[in-house]
Every structure is written in structure tokens, then in C-alpha cells.
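Encoded as C-alpha cells, the structure appears first; notes follow it.
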Amino acid sequence: MSTARAAPRGVSILGSTGSIGVSALDVIARHPGRFRVIALSGYQRLDVLAAQCRQFAPELVAVPTAAAAQQLRGLVPASTRVAAGAEGLDAVAGHERADTVIAAIVGAAGLLPTLAAARAGKRLLLANKEALVMAGRLFMAEVARGGATLLPLDSEHNAIFQCLPAVGVDRGGVRRLILSASGGPFRTTSLEAIEAATPDEACAHPNWRMGRKISVDSATMMNKGLELIEACWLFGVGSDRIEILIHPQSIVHSLVEYTDGSVLAQLGNPDMRTPIAHALGWPERIESGVARLDLTAIAQLQFSAPDPLRFPCLRLAYAAAAVMGDAPAALNAANEESVTAFLAGKLRFTRIAAVVDQVMQHWCVAEPDCIDAVLDTDIRAREQARGFIERYVTEG
Ligand code: NAD
Ligand code: MG
């Protein structure tokens, strides 16, 4: 008797050269019969992108400019088409031979291609939280209209997804969602030392190896603020039902509390290949390459409430989540500008929160009725943020 083997599932990756992209390809490479890489995209690191193309022979690869495309053509297999610019990203997001798209571009740059994948009705594995934070309601509407299946890759949201009741939050007796957070590299650093923190210090995360933008966000805890907003949209709950808990070991990835007092948590080593493998294989479970969790070696799991003085970005994110509208898009844009200025050595670490605070204090919240309105918010909030950044640069 022979058993029919299903054709490999086609997978495209927006942002394949980043931390999430590389981890996703690592998982995919462990399952050659199950997955086939259809399309990739990268922005910098063309050498890494070229090596990925030689290993996985995708049908399409997208780069930012015509010049980069020209450069890449000589380095990839002849069967791989090289496309450039926004059209290239759209082609990766909507490629008909891929039913799964991993959205792993960092920041607002990921919004339009991630939306394109939602509109194309893909199985959408979402790492690019900024896209959902910016466009919230409109994004979820496009997912529903396109018939896409949204699966969270962010470890906390993937953990919650695993712990939620099959009948949904409302009928399933969920009381609260609890997002865990490591507290980043400055959890116990003196406030004076934080004031003088360098980009390399801010990016030296104790538990996770990630891109530099999200690493800075973890140090300010704006990452958890963005994740709060992400959780509101993904799971359809208000921010008043979401709590943030510091857990320095990053073993408990998040928790769901039920009305009967039960609390379900998902545990695992801090390695993004676990949520990636979970979402790639879902509803089946597949091998990820992650080391088995040894709780006796870890011995202790600690929990505490976040300190609002140390992490002012949490208050700013809760305030944006309470009003929604275009407040999260403004928050995200101000944060991205500030983090870029900090990473460039222009802005002090503690001023990241100060700039975002200034922008939000002056922000007149409106409900965006289309994606162009979201993009307009993004541009205006960045302009305002740059104004405050310049003032701080002048003041020193
Ligand atoms: P990264 O900086 O390592 O990689 C970003 C990817 O996006 C790269 O492939 C880069 O070439 C591409 N990119 C950058 N700017 C671009 C632009 N303007 N246009 C098109 N492509 C561009 O980032 P990362 O750590 O992999 O994070 C990616 C996303 O996943 C972020 O939204 C982050 O918040 C989220 N995320 C990351 C982790 C993690 O462990 N790294 C965990 C949870 C969520
Ligand atoms: Mg996370």
C-alpha cells in the first residue's frame, strides 16, 4: 500500500536576511519534503541574500533598487528572477505558488507588503508587529476580507495563541492575557548608567539575539508596548485586560488567565525557531532544532511588576492603546525615528521615551479610514519627532 505524499507547502519570506528570516530558513531547511521556498526579499546584506538563493533556489527574490538587482543577478541561480523596489516586495507577498508568507521586515517599511499578503489571502506568519500596530483595525479588516489566516510569530503572541480556548476569548472564559517581558539589558542597571547607555549596550540583550531596532525597543520596553497593541488586535481584547509581567529568564513566553482561576502558560527556551516552527507546521507540530527545555538546570523562574519610572514607554503605549485610532501609528513612527537617531549616536537613550512622549502629548487622535491616512499619520509623526530630536541634539 502506498501513501500519497502532499506537495511541499510554498513559503515566501519578506525580510529573509534578518534575524527572524534566518531562523525561519533554518527551520524550513530541516523539512525539505514539507516546505519549498518560493520567494525571498532583503534590503542590505546582499551577500547573505545571494547565499540564501543559492541554497534554496527560490523562483523570485526582491531587493530595494535596480542597482542592487543588477548586482544580485550575477550571484543567484539563473532560475531565480530578481525584482526591485515596492513592486518586487508586492510580488513576493502575493506570489501564487506560495500559500504561506512570513512577514519579517522590520518597522513601518513592512506595512504595505504585509498588507499585500493579507489581501492575497495567504497563511500570514506575522513577525512585523509594527504593521499591525500602525494599521490595527484596517489590517484586521483586510485579513478578514482577503480570507488570510493570521498566525503570530512574536513569541508572546504565539504563546497566547497556543493557550487560548478553541471557542474564542469571549465564550472561553478568558479573564486576562499576561504578556511576559525579560526587562532587557537595563532591568537592574542604575538610572545614571542608563542615561549614558551606548547603542551596543542597549543591543546586548541578555536572552535573545535580534535585529538592532527591536533590541533597542526591548531595552526601553517599547517592544512590550507595541506587543500590547499587537495583542489587542490579534486577540480582540481591550488593553485593560492585558497585563505585563517581568520574567528575566524568558522561559514562560506568556500566559492566559481564565475565570475559574486556571492560568495556562507556554514555556520553552528563548529561541524564535519554536514559535516559527509552531506557526509553519500549525496545526501540526514539527521539529524546530531548539534545545529541549531543562527546568532543573534553570531551577528558578522569577516574576515582578515593571517599574514605571525605569520604563516610561509602557505608560505611553497603554495610553495609545486606550484610545487607539491613529495614536499607535503616531507612537510607532515617533519611536522609530528616535531609535534611528539613538542608533546613529545622535540621541541619548533616555530621550527616546522623551521624544515619543512629546509627540503623543501634541497628537490630535483621529480614526484612519484608509491606509493612506495611516501613512499620512506616519509621515506627520516622524516630522514632529525629528523636530524634538533636533531640539535635544542642540541642547546636548
Ligand atoms: P532585522 O533587522 O534582523 O531584519 C529585518 C529584515 O527586514 C531584513 O531582512 C532587512 O533586510 C529587511 N528590511 C529592513 N529595512 C527594510 C526596508 N526599508 N524595506 C524592506 N526590507 C527591509 O529584524 P528582526 O529582528 O528579524 O525583526 C523583524 C521583525 O520581527 C520586526 O518587526 C521585529 O519586531 C519582529 N520580531 C523579531 C523578533 C526577533 O527575535 N528578532 C522577535 C519577535 C518579533
Ligand atoms: Mg516578542
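The values are calculated or read from the model by the stated rules, or taken from the named source; none is laboratory data. Being a predicted model, the structure only gives us computed values, none of them experimental. In this analysis, Cβ positions are derived from the backbone assuming ideal geometry, glycine residues included, and neighbour counts consider all displayed protein chains. When the accessible area is computed, the model is the full protein with side chains, heavy atoms only, and any ligands, DNA or RNA have been set aside. Shrake-Rupley method; radii C 1.70, N 1.55, O 1.52, S 1.80 Å.
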Fill in: the chain: antiparallel DSSP beta bridges as a percent of all, rounded to 5
30
Discussion item. Could you sort the peptides 9-17, 278-286 by per-residue average Cβ neighbour count (10 Å cutoff), highest mean leading?
Written reply: 9-17, 278-286
Worksheet entry | Solvent-accessible area, 1.4 Å probe, carbon plus sulfur percent, for the range 325-396 | 50
Response to the item:
the chain, Gaussian network, Cα under 10 Å: of 293, 132, 150, the residue fluctuating most is 293
Worksheet item: Of all accessible surface on the range 100-188 at a 1.4 Å probe, what whole percent is carbon and sulfur?
Response: 50
Worksheet item: If you add up the charges near residue 178, with Lys and Arg at +1 and Asp and Glu at -1, over every other residue whose beta carbon is less than 14 angstrom from its beta carbon, what do you get?
Response: -1
Worksheet, complete the sentence: the chain accessible area per residue, 1.4 Å probe, protein heavy atoms, integer Å², reads 43
Worksheet item: Got a sec? Charge dipole of the range 9-152, +1 on Cβ for Lys and Arg, -1 for Asp and Glu; which of 61, 38, 108 is way out at the positive end?
Response: 38
Discussion item. Sort 358-369, 118-129 by packing, meaning the average of other beta carbons within 10 Å per residue, with the highest value first.
Written reply: 118-129, 358-369
Worksheet item: Three principal axis extents, largest first, for the C-alpha atoms of the chain, in Å?
Response: 65, 54, 43
Worksheet item: In what sequence, highest mean first, do 247-255, 65-73, 326-334 appear when ranked by Cβ atoms within 10 angstrom?
Response: 326-334, 247-255, 65-73
Fill in: Overall form of the range 282-396 per C-alpha gyration tensor (a/c, 1.5; a/b vs b/c)
prolate
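Full-extension gain between residue 144 and residue 7, please, as 0.36 nm times their residue separation minus the C-alpha to C-alpha distance. Before the final figure, lay out the partial values.
Values: separation 137, 0.36 × 137 = 49.32 nm, distance 2.65 nm.
Extra length available between residue 144 and residue 7 comes to 46.7 nm.
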Item to complete: Name the residues whose placed amide hydrogens come within less than 5 Å of the amide hydrogen of residue 13, ignoring near sequence neighbours (fewer than 5 apart) on the same chain.
Response: 39, 40, 41, 102
Worksheet item: When the helices in the chain are scored as -39500 (n - 2.57) per DSSP H run of 4 or longer and the sum is shared across all residues, what 222 nm value do you end up with, to the nearest 500 deg cm²/dmol?
Response: -14500 deg cm²/dmol
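Under 20 Å between C-alpha atoms is the cut-off here; go through the chain and count lysine pairs that meet it, provided they're at least eight residues apart or on different chains. Don't jump to the answer; show the numbers that get you there.
On the way: 129/213; 129/224; 213/224; 213/346.
Summing the qualifying lysine pairs gives 4.
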